[in-house]
Every structure is written in structure tokens, then in C-alpha cells.
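Only one structure is covered here, and it is reproduced in the block below.
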Amino acid sequence: MGQKPKSETICYCNCVDRATIENAIKNGANTLNKIFDSTTAGVGACGGSCRVKLHQLLDGYQKTGQFPEKLSSKIKKK
Ligand code: FES
């Protein structure tokens, strides 16, 4: 009771959770490269399969000032 839910893992290669990425973005990581540098997410052995989610977090925050609740691992087609 009263426990915060554990933050979901976004980057499995480097074990980086959502809270770490959100904090980095709030603290000024305003490009994917800055997120890579400050969290190590997105630069793991798989070649960056989590970058789709990193992009959604960054884009959502930059457009609305909030992080999207749900993240998709698929790239949206236009
Ligand atoms: S899951 Fe993030 S780089 Fe592989």
C-alpha cells in the first residue's frame, strides 16, 4: 500500500527506465543525442530499438509539456 509503481523499462539493453529518461528530458535533454549521452538509453547492443519510445517521450513533452501515458514500439506511418 502506498508504494509507487515501478517505472517501466524503456531501454532493455542498458536497463534504463522511463523515470530516468523523463528526468533527463526535464533537465534539458532536448534531442535524442542528448538523451543518449545523459542516460545511455538508445545506444545499446541492439542498435537502438528503444529509440522509437525515446522519440515519443521527447516529442510529447516538447509539444504538450507532458509525457504520453502510453508508448508504442511501432513507428507510425503517415
Ligand atoms: S533497447 Fe535501447 S538500445 Fe537496445
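Specify which residue in the list L71, C15, T40 is farthest towards the positive end of the charge dipole of the chain, using unit charges on the beta carbon of Lys, Arg (+1) and Asp, Glu (-1), about the Cα centre.
L71
Express the C-alpha Rg of the chain as a ratio against the empirical globular expectation 2.2 N^0.38 Å, rounded to two decimals. Write out the running numbers ahead of the final one.
Numbers: Rg = 12.3 Å, N = 78, 2.2 N^0.38 = 11.5 Å.
Dividing the Cα radius of gyration by 2.2 N^0.38 Å gives 1.07.
If I stretch the segment between T31 and H55 completely, what's the gain in nm (0.36 nm per residue apart, minus their alpha carbon distance), one decimal?
On the way: separation 24, 0.36 × 24 = 8.64 nm, distance 0.88 nm.
Contour length minus Cα-Cα distance gives 7.8 nm.
Using 7 Å Cα-to-Cβ label points, what is the E69/Y12 separation (nm, one decimal)?
Here the answer is 2.5 nm between the modelled labels.
Every number in this text was worked out from the coordinates using simple rules, so none of it is lab data. Owing to the predicted nature of the structure, the values given are computational and were not obtained by experimental measurement. All Cβ positions, glycine included, derive from the backbone under ideal geometry; neighbour counts span all protein chains shown.
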